[in-house]
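Read the structure below first, then the notes.
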Amino acid sequence: MKKVLLCSLCLLVCALGINIPAVAQPSQKLVNVVVSPDRPDWKYKVGDEAVFTVQVLEAANPVKGVTVDYEVGPEFFPTVKKEGVVLKDGKMTLKAKMTEPGFARCRVVAKKDGYTYEGLATVAFSEDQIRPTSPEPADFDAFWTDALAQARKTPLDPIVTLLPERCTPTQNVYQVSFQNERPGSRIYGILMMPKKEGKYSAVLWVPGAGVRGRQGFNLGDSIITLQIGIHGVPVDMPDGVYRDLGSAALSGYWRYSMNDRDEHYYKRVYTGCVRAVDFLCSLPEFNGKTIGVTGGSQGGALSIVTTALDPRIRFMALNHPALCDFAGYLNHRAGGWPHYFREKQPKPGEVEALSYYDVVNFAKRVKVPGWFTWGYNDVVCPPTSMYAAYNVIPAPKELHLYLDSGHWIYPEQAKASNKWLKEHCGIR
């Protein structure tokens, strides 16, 4: 059990791109708030009524006389809120309806002995009918064609440095860097290369949000992998350096120049992902035809973006993509991380500029197979926003739901994703 909890925590950290202390508190709690929908698949049609059974348990038994607060309604827009409700037998039922496609969330906070404990469940209403609200610029394709053309005027100028301490008997491990959109602007990453001579498939791993080092992405001895950072700094520095950068110069980088499509921070990030593909394709060990991309959260978004921008990508596998449907909040429904307009109205030019970076507009241009996974209880990347992108992908796709998961993945999800990637690299 301890191994499963630790694996889940590590996967969450990778998805969010954050640092944690060496010793982490176990996820098991003394009191559990269990919210259970009345349908096992958590799916309803618009106009149906969802019934949630709420139980507050301690040592697997109902907590009698416990006090709870609760809210029910669309994600981030609850229509019912109540505080100080006493559950005589530790149990109650709540109901929800939706008049349009989306997700309804039941969130319950129990209070006992000075502590608070939270539970939630989020159910789908005609989720296959959710569509984007963010606008699509008329010159979207022209903008990105030009951005990539301008970036490629800068030579890659790759620098490859062996990291002997990370090498294995079957793999060489390198820190690499290459130029991005202008001279001196570099992308850094960890390259894992099979030692045995041959031609190999390749997979690009793109990062979740935050600022941190990289250890490499290992898919075995027969696949080239490149795990990149996006901030133009080496990925083998002490953790404290990344904490300092994340708290200072790179704090809230996703909000830089939100009203300027040419200066927005993600412009160099998106071009940098394609330059990473350029680098992989330049390797003599690459087989010249089989390359995929993978990532979670911000990395899930970057997987879709890279696939849409670069026809050399043959497949992608990702979890809970961020940066989807920014304008959702302007249409009274949940938008994707980083929730630009959840708490404030856009300033002039922001909606127009950010539409060039919204993942929903890239999703429409995906032409290769995709493997997706997420959970309905994600409060960082709300399922409404993720479905807004997923539903407009015209290419073959498969979605693997782990309904109760939040902004993290189970070890089983990671294993299934890696298995799918290996199969598409020709490894059985």
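Quick notes on this one:
- The set of residues in the stretch 255-296 being assigned to a helix (DSSP H, G or I) and either modelled with pLDDT under 95 or open to solvent by 60 Å² or more (accessible area, probe 1.4 Å) (or both) consists of ARG255, SER282.
- Applying a threshold of 7 Å to beta carbon distances and a minimum spacing of six or more residues, or different chains, the list of pairs starting in the stretch 243-263 at a residue that is more than 15 Å from VAL233 (Cα to Cα) and ending at one that is open to solvent by 60 Å² or more (accessible area, probe 1.4 Å) reads SER257/GLU263; ASN259/LYS347; ASN259/PRO348.
- The single condition from (1) surrounded by fewer than 23 Cβ atoms within 10 Å (Cβ to Cβ); (2) part of a strand (DSSP E or B) that LYS422 fails is (2).
- Any hit, the stretch 400-411, residues being assigned to a loop (DSSP other than H, G, I, E, B), in contact (Cβ under 8 Å) with a residue 40 or more places away in the chain, touching a strand residue (DSSP E or B) at 6+ places or on another chain (Cβ under 7 Å) and open to solvent by 50 Å² or more (accessible area, probe 1.4 Å): no
- Restricting attention to the stretch 122-143, the residues that are open to solvent by 10 Å² or more (accessible area, probe 1.4 Å) and either among the acidic types (Asp, Glu) or under 18 Å from ALA96 (Cα atoms) (or both) add up to 5.
- Any pair with Cβ under 7 angstrom, 6 or more apart, that starts in the stretch 137-153 at a residue that is under 17 Å from CYS281 (Cα atoms) and ends at one that is aliphatic (A, V, I, L, M) and open to solvent by less than 50 Å² (accessible area, probe 1.4 Å): LEU148/VAL274; LEU148/LEU309
- Tally of residues being outside any loop (DSSP other than H, G, I, E, B) and either touching a Pro at 6+ places or on another chain (Cβ under 7 Å) or open to solvent by 70 Å² or more (accessible area, probe 1.4 Å) (or both) across the stretch 178-201: 4
- All positions within the stretch 61-93 that are free of Cβ contacts under 8 Å to residues at least 40 places away in the same chain and open to solvent by 80 Å² or more (accessible area, probe 1.4 Å): ASN61, LYS64, THR79, LYS81, LYS82, GLU83, VAL86, LYS88, ASP89, LYS91
- Residue list for the stretch 260-299, filter: of a type in the set (Ser, Thr, Tyr) and out of contact with any Gly (no Cβ under 6 Å at 6 or more places or on another chain): TYR265, TYR266, TYR270, THR271, SER282, THR290, THR294
- Count of residues meeting criterion [touching a Lys or Arg at 6+ places or on another chain (Cβ under 8 Å), in a loop (DSSP other than H, G, I, E, B) and farther than 19 Å from ALA334 by Cα] in the stretch 56-77: 3
- The set of residues in the stretch 340-397 that are touching a Leu at 6+ places or on another chain (Cβ under 9 Å), outside any loop (DSSP other than H, G, I, E, B) and polar (S, T, N, Q) comprises THR373, SER385.
- Flag if VAL351 is of a type in the set (A, V, I, L, M, F, W, C), within 24 Å of ALA395 (Cα to Cα) and touching a residue at least 60 places away in the same chain (Cβ under 8 Å): no
- One residue from THR384, THR373 being crowded, with 22+ Cβ neighbours inside 10 Å, without any contact (Cβ under 8 Å) to a residue 60 or more places away in the chain and not basic (Lys, Arg): THR373
- Qualifying residue in the stretch 356-379 (condition: of a type in the set (D, E, K, R) and within 15 Å of the chain's Cα centre (by Cα)): yes
- The set of residues in the stretch 234-254 being among the β-branched types (Val, Ile, Thr) and either on the phi > 0 side of the Ramachandran plot or open to solvent by less than 40 Å² (accessible area, probe 1.4 Å) (or both) consists of VAL235 alone.
- Exclusive hit being assigned to a helix (DSSP H, G or I), touching a helix residue (DSSP H, G or I) at 6+ places or on another chain (Cβ under 9 Å) and either closer than 20 Å to ALA147 by Cβ or touching a residue at least 12 places away in the same chain (Cβ under 8 Å) (or both), set LEU323, LEU302: LEU302
- Per-region count, the stretch 236-254, residues part of a loop (DSSP other than H, G, I, E, B) and either modelled with pLDDT under 95 or over 20 Å from GLY300 (Cα atoms) (or both): 7
- Selection from the stretch 375-423 of residues that are small (Gly, Ala, Ser) and under 19 Å from VAL293 (Cα atoms): ALA389, ALA395, ALA414, ALA416, SER417
The values are calculated or read from the model by the stated rules, or taken from the named source; none is laboratory data. In this text the structure is predicted, and so the values were computed from the model without any measurement. Glycine gets a Cβ as well: all are built from the backbone with ideal geometry, and neighbour counts include every protein chain shown. Each accessible area value is taken on the protein alone, full model and side chains, heavy atoms only, with ligands, DNA and RNA left out. Shrake-Rupley method; radii C 1.70, N 1.55, O 1.52, S 1.80 Å.
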